[in-house]
Every structure is written in structure tokens, then in C-alpha cells.
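The values are calculated or read from the model by the stated rules, or taken from the named source; none is laboratory data. In this text the structure is predicted, and so the values were computed from the model without any measurement. Positions of Cβ are generated from backbone atoms using ideal geometry, with glycine treated the same way; all protein chains shown enter the neighbour counts.
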Amino acid sequence: MEDNLDHIHQQALKDLAALENTDDLQDLSVRYLGRKGILTQFLRNISKLPVAQRPAAGKKANEIKRLLEKAFKVAAEKLESQDQAAEAAIDVSLPGRAVACGALHPITQINQQICDIFSNLGFDIAEGPEVESDYYNFEALNFPKDHPARDMQDTFFITDDIVLRTHTSPNQIRSMEKQSPPVRIIVPGKVYRCDSDLTHTPMFHQVEGLLVDENISFGDLKGILTTFVHQLFDEQTSLRFRPSFFPFTEPSAEVDILCVICRGKGCRVCSHTGWLEILGSGMVHPALYENVGYDADRYTGFAFGMGVDRIAMLKYGIDDIRKFFENDIRFLEQF
Ligand code: DAH
């Protein structure tokens with residue numbers, strides 16, 4: 001009988017030692033100590049033993065029960081701390097987390113391409129302030145006082161005399177003030193206008209160009225801009241110069257390129273004209289030379305200004321300019 005109890009004890013300890021998780025521990029506890037468990041059964045059967053054996057058997061059985069209860073408690077604590085360690089451990093079989101890779105913003109990319117092309121043509125890259133005086137933004141550029149571009153609707157005024165620059169053209173004056181001819185610069189930068197829809201945002205990007213020297217003609221302007229368009233788009237992208245008006249150039253022209261979507265056949269993007277306007281340009285107005293102290297009889301030059309956002313939209317086939325500024329990673333990672 002005692003052998004029998006020892007056997008149960010040893011077997012229970014062996015089973016406990018072989019346990020691997022808390023669920024199995026529960027089952028094992030029921031098997032030995034539960035209401036119908038092996039030990040409990042044994043205790044119940046003591047009444048069937050000869051009277052003389054009962055006290056010793058009862059004592060021993062209770063003692064083993066106590067030992068086993070303690071052993072189960074110790075095992076439970078051990079298993080629990082094992083579970084916690086396993087949870088905290090690194091699972092080397094899990095797939096790794098992909099590292100999202102940054103990329104240059106599409107506007108930055110187009111900006112760099114434009115700057116590269118003009119750098120290779122011998123232009124320097126200059127910069128100017130975004131908060132600009134009325135003098136540089138308008139007055140020195142020959143804007144008459146009543147010119148519609150001075151209207152509150154287009155211009156963000158900071159004071160009567162200070163504005164957020166509405167274009168990069170003030171840098172024509174700033175660069176000519178700083179140096180005498182020859183001048184050959186481009187000026188990329190942010191500009192601001194009170195306007196917002198599918199094709200306009202209150203802040204957008206321009207690149208200004210200015211070349212002043214002796215004997216510069218409209219033919220030079222055409223040559224430079226044709227080379228530029230062929231390099232930025234391709235050789236098949238032809239140009240069209242349309243007469244236009246800007247206060248700071250005379251004569252002035254707007255430049256259209258053959259529609260990059262339909263190649264001239266007519267589509268929604270080019271409003272079925274086959275052409276897309278990409279920049280304004282012209283020969284520098286002599287009034288500007290007066291304002292910066294250049295000899296207007298000796299020097300001539302040309303200027304141009306283009307919208308970078310619009311060019312990026314055309315190159316990448318984007319129909320809503322606001323996408324550039326929403327910073328949606330799903331949009332940005334496509335470039
Ligand atoms: N500043 C003009 C604008 O923002 C664009 C422009 C037109 C710039 C003709 C020029 C130019 O340099 O010659 O609408």
C-alpha cells in the first residue's frame with residue numbers, strides 16, 4: 001500500500017518534470033489532485049482497508065497530497081516565468097520589417113533637372129527673399145501703379161510696402177544691381193498668390209531666367225528655350241512663341257510646347273488645342289536697365305519665368321496640383 005503511494009508520488013513528480021506548458025499543468029493537476037484524481041481516489045478507498053492500516057495510510061496519503069500540491073505550485077510558477085521569457089524573446093523566424101525608403105519630392109526632382117540643364121548652358125544659380133518689397137516685386141519691374149497684378153486678390157500683402165513675392169522676377173533687378181553684364185542666371189524659388197483650385201495653390205514654384213550682354217537678340221532667347229525644352233522633355237517636343245504682354249519685357253512672348261499627352265492631336269489636358277503653355281518670356285524692357293544703372297544703349301537681354309509645379313504635372317501626368325503638398329507617401333513613393 002505504501003509502495004503504491006510512493007509510486008503515485010514518484011510518477012506525479014516525473015510527469016511534472018516533463019511538463020512544457022501551463023495548459024498541461026492544469027490537466028495534470030486534475031489527474032492527480034482533482035475530485036476524481038488518482039490521489040483523491042486513493043484517499044477515498046482508505047475506508048476499504050483493514051482498520052489497522054487506515055491511520056498510517058491516511059497520514060501518508062495526506063502528506064503526499066501536501067507535497068504534490070506544493071510541487072504543483074512550484075511548477076506553475078516556473079512555467080509562468082518561462083512563458084513570460086518566451087513572449088519577450090525575439091522570434092527569429094518572423095519576417096523582417098521593411099524600411100521605408102525616402103526619395104526626392106517630384107517638384108525637387110524637376111527643379112534639379114531644370115537647374116542642371118541651365119547650369120550646363122552656363123547659367124549661375126541665384127536666390128532671393130520670399131518676403132519682398134513692393135519696389136522689387138512691382139515698381140522696379142515697370143509695373144504701373146494700377147496694374148491688375150497689384151490687386152489684393154492676387155498678392156499677399158504684409159504691409160502696404162511689403163509682400164510675399166508673387167513671382168521670381170524681382171531677382172532680375174536684384175541680380176543686375178549686384179553685378180554688371182554679362183549676367184547669366186536662373187533663380188528657382190517659392191512664390192505666393194491668393195489663389196487655390198485644381199491647378200493653383202497659394203504657394204508654388206518658379207524658375208526665373210535672365211541673360212544680359214551685348215548683342216543679345218530674340219533669336220538667342222529662342223535658341224536657349226528650345227534647347228531647354230528638348231532636354232527636359234524630348235527632341236520631338238516643339239515650341240510655339242505667342243505674342244504676349246509683361247510690363248518688364250518688350251517684346252514679350254508666352255511659350256507653348258506641343259502637348260506631351262496627345263502630341264498635338266488635341267485632348268483634355270491641352271483643352272483640345274494641341275499646345276500647353278509652360279512659360280513667359282521676352283526681351284528685358286529698357287526701363288529695367290535704367291532702374292539698375294545699366295547702359296540701355298549698350299546692353300540687351302532676355303528673361304523668362306516658368307512654373308515648376310505645372311511642368312512637373314505635365315511630365316508625370318498629374319491632374320491635381322494639391323497632391324504635391326499633401327505628403328501622402330503612397331503618392332510620393334511613385335517618383
Ligand atoms: N513673372 C511672370 C509671372 O509670374 C513670368 C514671366 C514672364 C517671367 C515673362 C519673365 C518673363 O522673366 O520675361 O507670371
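Determine which member of the set F324, F335, F246 is surrounded by fewer than 18 Cβ atoms within 10 Å (Cβ to Cβ), modelled with pLDDT under 95 and on the phi < 0 side of the Ramachandran plot.
After ruling out the rest, the residue left standing is F335.
Checking the conditions here, which among E214, E250 is in the same structural domain as I278 (by TED's automatic domain parsing) and within 30 Å of V163 (Cα to Cα)?
On inspection, the qualifying residue turns out to be E250.
In the list G301, G307, which residue meets the criterion of being in contact (Cβ under 8 Å) with a residue 40 or more places away in the chain, of a type outside the set (S, T, N, Q) and within 21 Å of S196 (Cα to Cα)?
Working: G301 fails: within 21 Å of S196 (Cα to Cα).
When all the criteria are applied, what remains is G307.
Mind checking whether some residue in segment 261-277 is small (G, A, S), more than 22 Å from I110 (Cα to Cα) and touching a Leu at 6+ places or on another chain (Cβ under 8 Å)?
Yes, that holds for at least one residue.
From E77, E69, which residue is in a helix (DSSP H, G or I) and either among the small types (G, A, S) or free of Cβ contacts under 8 Å to residues at least 24 places away in the same chain (or both)?
That would be E77, the only listed residue that is in a helix (DSSP H, G or I) and either among the small types (G, A, S) or free of Cβ contacts under 8 Å to residues at least 24 places away in the same chain (or both).
Of the conditions (1) surrounded by 13 or more Cβ atoms within 10 Å (Cβ to Cβ); (2) away from the ligand (no atom under 16 Å from the Cβ); (3) of a type outside the set (F, W, Y); (4) assigned to a helix (DSSP H, G or I), R330 satisfies every one except a single condition; which number is it?
(1)
Report the residue count in segment 238-283 for those that are more than 25 Å from D213 (Cα to Cα) and among the aromatic types (F, W, Y).
1
Kindly provide the set of residues from segment 140-187 that are of a type in the set (A, V, I, L, M) and under 17 Å from Q206 (Cβ atoms), ordered by number.
Answer for segment 140-187, where residues must be of a type in the set (A, V, I, L, M) and under 17 Å from Q206 (Cβ atoms): L141, A149, V163, L164, I173, I185, I186, V187.
Can you find a residue in segment 143-165 that is within 14 Å of the ligand (Cβ to nearest atom), modelled with pLDDT of 95 or more and polar (S, T, N, Q)?
No, because not a single residue in segment 143-165 is within 14 Å of the ligand (Cβ to nearest atom), modelled with pLDDT of 95 or more and polar (S, T, N, Q).
Answer yes or no as to whether A76 is under 56 Å from the mean Cα position of the chain (by Cα) and in the same structural domain as I8 (by TED's automatic domain parsing).
For A76, the condition - under 56 Å from the mean Cα position of the chain (by Cα) and in the same structural domain as I8 (by TED's automatic domain parsing) - is met.
Within segment 104-113, identify whether any single residue is in contact (Cβ under 8 Å) with a residue 40 or more places away in the chain, in a loop (DSSP other than H, G, I, E, B), in contact with a Ser or Thr (Cβ under 9 Å, 6 or more places away or on another chain) and not β-branched (V, I, T), and answer yes or no.
Of segment 104-113, the ones in contact (Cβ under 8 Å) with a residue 40 or more places away in the chain are 104-107, 109-111, 113.
With the extra rule that they be in a loop (DSSP other than H, G, I, E, B), the set shrinks to 104-105.
Those left that are additionally in contact with a Ser or Thr (Cβ under 9 Å, 6 or more places away or on another chain): none.
Among the residues of segment 104-113, not one is in contact (Cβ under 8 Å) with a residue 40 or more places away in the chain, in a loop (DSSP other than H, G, I, E, B), in contact with a Ser or Thr (Cβ under 9 Å, 6 or more places away or on another chain) and not β-branched (V, I, T), which makes the answer no.
Residue under question is A287, and the condition is that it be farther than 28 Å from T108 by Cβ and free of Cβ contacts under 8 Å to residues at least 24 places away in the same chain; does it hold?
no
When the residues of segment 148-182 are filtered to those that are out of contact with any Leu (no Cβ under 6 Å at 6 or more places or on another chain) and touching a residue at least 60 places away in the same chain (Cβ under 8 Å), which remaining residue is surrounded by the most Cβ atoms within 10 Å (Cβ to Cβ)?
Out of the qualifying residues, it is T168.
Could you tell me whether S281 is under 18 Å from F123 (Cβ atoms), in a strand (DSSP E or B), among the hydroxyl-bearing types (S, T, Y) and within 16 Å of the ligand (Cβ to nearest atom)?
Details: under 18 Å from F123 (Cβ atoms): yes; in a strand (DSSP E or B): yes; among the hydroxyl-bearing types (S, T, Y): yes; within 16 Å of the ligand (Cβ to nearest atom): yes.
Judged against the criteria, S281 is a match.
Collect the residues in segment 300-323 that are more than 16 Å from the ligand (Cβ to nearest atom) and outside any helix (DSSP H, G or I), keeping them in residue-number order.
Within segment 300-323, G317, I318, D319, D320, R322 qualify.
I want to confirm something. Restricting to segment 121-152 and keeping residues that are over 34 Å from the mean Cα position of the chain (by Cα) and not in a loop (DSSP other than H, G, I, E, B), which single residue is nearest to I186 (Cα to Cα)?
L141
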